[in-house]
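Visitor: What follows is a structure written as structure tokens; I'll ask about it next.
Since every read-out is calculated from the coordinates, none of them should be taken as a lab result. These figures come from a predicted structure and were not determined experimentally. Cβ coordinates were reconstructed from backbone atoms using ideal geometry, including for glycine residues, and neighbour counts include every protein chain displayed.
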């Protein structure tokens, strides 16, 4: 497999003996928790970790490589406890060498290195104007991040939810939402965040109090109607503080 696997086990431990003798992988047995950079997977012996198994698995997951558990315990209750630790895989021994190698190969093959070279290339000119537009899948994480950030900073932030309704009882056409979203994204500051979801638009206004958020929402709607002649819809908004 050509990749290094770290096994945390007691000296002369039975689990270490099984892994060393059953497969041809490059396995390093150790009692230290400092995982080398060239490792592709860490296996924790239940006998080695004992009652601290869950805590140790959580600590090792900071290395961003797969962390597994190896045990002789075949009870369903124990396996449920192993699953609760968040480990990437569990080896219930005894297990054939071929199966051990196959599962280790899959785990080591799942390790990917993210490319962060874009950070060095970013400049103010490349960041663009207007709000930071994100997809629905990313908005929840950003909302949670802003909420946590506000706990440390003496700042306010508000969520503005824009919704659309037809004056004639017909369905809301997606074009009206997209056109309004484009205006919002262009008119807001770089530090604000916008996300379109169905027939609604969610906007996070950083550093804005309630009255300031009201002014921004009204200004965005007024700006849109100044360039749009479609009078078939009403644009409503709701403002919520981000705590």
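Visitor: Report the full-extension gain for the segment residue 76 to residue 10: residue separation times 0.36 nm, less the Cα-Cα distance, to one decimal in nm.
Guide: Going from the current span to full extension adds 21.3 nm.
Visitor: As I understand it, the value is the acute angle between the Cα axis of helix 174-187 and the longest principal axis of the Cα atoms of the chain; what does it come to in degrees, rounded to 10?
Guide: In the chain, helix 174-187 runs at an angle near 90 degrees to the longest axis.
Visitor: Using the Cα gyration tensor of segment 4-109, with a ≥ b ≥ c the square roots of its eigenvalues, what is the shape: rounded (a/c below 1.5), prolate (a/b larger than b/c) or oblate (neither)?
Guide: Working: a/c = 1.29, a/b = 1.06, b/c = 1.21.
Rounded, because the longest to shortest axis ratio a/c is under 1.5.
Visitor: For segment 4-109, calculate the relative contact order in percent as a whole number, restricting contacts to Cα pairs under 8 Å that are 6 or more residues apart.
Guide: Reported as a whole number, the value is 28 percent.
Visitor: When only C-alpha pairs under 8 Å and at least 6 residues apart count, what is the relative contact order of the chain, in percent?
Guide: Working: 359 pairs, mean separation 39.9, N = 243.
It rounds to 16 percent for the chain.
Visitor: What is the chain by shape, rounded, prolate or oblate, if you read a ≥ b ≥ c off the alpha carbon gyration tensor as root eigenvalues and call it rounded for a/c under 1.5, prolate for a/b larger than b/c, and oblate otherwise?
Guide: Note, shape of the chain comes out prolate.
Visitor: Roughly how many Å is it from the Cα centre of segment 1-58 to that of segment 199-231, as a whole number?
Guide: About 56 Å separates the Cα centre of segment 1-58 from the one of segment 199-231.
Visitor: Next up: Over segment 126-241, what per residue volume does the convex hull of the Cα atoms give, in whole Å³?
Guide: Working: hull volume 12.2 nm³, N = 116.
Cα-based convex hull of segment 126-241, divided per residue, equals 105 Å³.
Visitor: May I ask you to compute the full-extension gain from residue 153 to residue 20, defined as 0.36 nm times their residue separation minus their alpha-carbon distance, rounded to one decimal in nm?
Guide: Between residue 153 and residue 20, full extension yields 42.7 nm more.
Visitor: Now a separate question. Using 1/(1 + (r/R0)^6) with R0 = 22 angstrom and r between the beta carbons of residue 136 and residue 226, what's the FRET efficiency to the nearest 0.05? Working shown, then result.
Guide: Values: r = 29 Å, r/R0 = 1.30.
After rounding, the FRET efficiency stands at 0.15.
Visitor: To the nearest 500 deg cm²/dmol, what mean residue ellipticity at 222 nm is calculated for the chain from DSSP H runs of n ≥ 4 alone, each contributing -39,500 (n - 2.57), summed and divided by the residues?
Guide: Helices in the chain give a 222 nm mean residue ellipticity of -12000 deg cm²/dmol.
Visitor: Among 103, 152, which comes first, then next, by fewest other beta-carbon atoms within 10 Å?
Guide: On the way: 103 17, 152 7.
Fewest-to-most ranking of 103, 152: 152, 103.
Visitor: Between helix 136-152 and the chain, what is the angle of the helix's C-alpha long axis to the longest principal axis, kept within 0 to 90° and rounded to the nearest 10?
Guide: 90
Visitor: For residue 234 paired with residue 146, estimate the spin-label separation in nm (one decimal), with each label point 7 Å from Cα along the Cα-to-Cβ line.
Guide: Output for this residue pair reads 2.6 nm.
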